[in-house]
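Student: Handing you this structure, nothing more for now.
The values are calculated or read from the model by the stated rules, or taken from the named source; none is laboratory data. Owing to the predicted nature of the structure, the values given are computational and were not obtained by experimental measurement. With ideal geometry, Cβ positions are generated from the backbone for all residues, glycine too; neighbour counts draw on all protein chains shown.
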Amino acid sequence: MNIVVIDGQGGSLGKSIVEQLKSRLTGHEITAIGTNSLATSNMLKGGADHVATGENPVVVACRHADVVIGPVGILAADALLGEITPAMAAAVGQSPAHKILIPVNRCNITIAGVQDLSYAEYIRIAIEEICRQCPQVDH
């Protein structure tokens, strides 16, 4: 399974996602793409198998991903303080991959009915969802 993690700003959310995926999954490729070099660097520190930075890597990776995971803002042009370009948002939205989105209310997006949980809890729930879809998961 090819899992693509997309994050921006400081990349701390993406780094946490990568760390937890690496601790739970074996034999699956994790590609981390940052909207800036700091986010990319932090996800690399988290253990991603492949990393890249910027718009074109998001576009290319989304074509072949089985799962795309990141903050909800990756679906909205100009989100993450303008770091998500229209092409990035379109690539994520048009990707045939299963999308797992972490609610982050700082993106000027509010998802009605979403519980008020910590980032750690949202990440745990997201990782559980990926693990349900992946064979060879260490539970």
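Student: Any residue in the range 108-128 that's in contact (Cβ under 8 Å) with a residue 24 or more places away in the chain and within 16 Å of I3 (Cβ to Cβ): show its pairings with residues that are polar (S, T, N, Q) and in a helix (DSSP H, G or I) at Cβ separation under 7 Å, as long as the two are six or more apart or on different chains.
Tutor: Note: pairs meeting the criteria are I123/S16; I123/Q20; I127/Q20.
Student: Another question, then. If you check every pair at least six apart or on different chains, which have Cβ atoms under 9 Å apart with a residue in the range 48-72 that is over 23 Å from Q133 (Cβ atoms) and acidic (D, E) first and a residue that is part of a strand (DSSP E or B) and modelled with pLDDT under 95 second?
Tutor: Matching pairs, first to second residue: none at all.
Student: Among the listed residues V59, V72, identify the single one that is at pLDDT 95 or above and not hydroxyl-bearing (S, T, Y).
Tutor: Exactly one of V59, V72 is at pLDDT 95 or above and not hydroxyl-bearing (S, T, Y), namely V59.
Student: Considering each of A97, A126, A112, A79 in turn, give the residue that is at pLDDT 95 or above and either surrounded by fewer than 15 Cβ atoms within 10 Å (Cβ to Cβ) or not hydroxyl-bearing (S, T, Y) (or both).
Tutor: After ruling out the rest, the residue left standing is A97.
Student: Further question on the same structure: Determine whether G73 is farther than 14 Å from I3 by Cα and not aliphatic (A, V, I, L, M).
Tutor: It is true that G73 is farther than 14 Å from I3 by Cα and not aliphatic (A, V, I, L, M).
Student: Hey, another quick one. One residue is enough: does the range 19-29 have a residue meeting the conditions surrounded by 23 or more Cβ atoms within 10 Å (Cβ to Cβ) and part of a loop (DSSP other than H, G, I, E, B)?
Tutor: no
Student: I've got another one for you. Answer yes or no: is there a residue in the range 11-18 that is touching a residue at least 12 places away in the same chain (Cβ under 8 Å), surrounded by fewer than 22 Cβ atoms within 10 Å (Cβ to Cβ) and either of a type outside the set (S, T, N, Q) or under 20 Å from G93 (Cβ atoms) (or both).
Tutor: no
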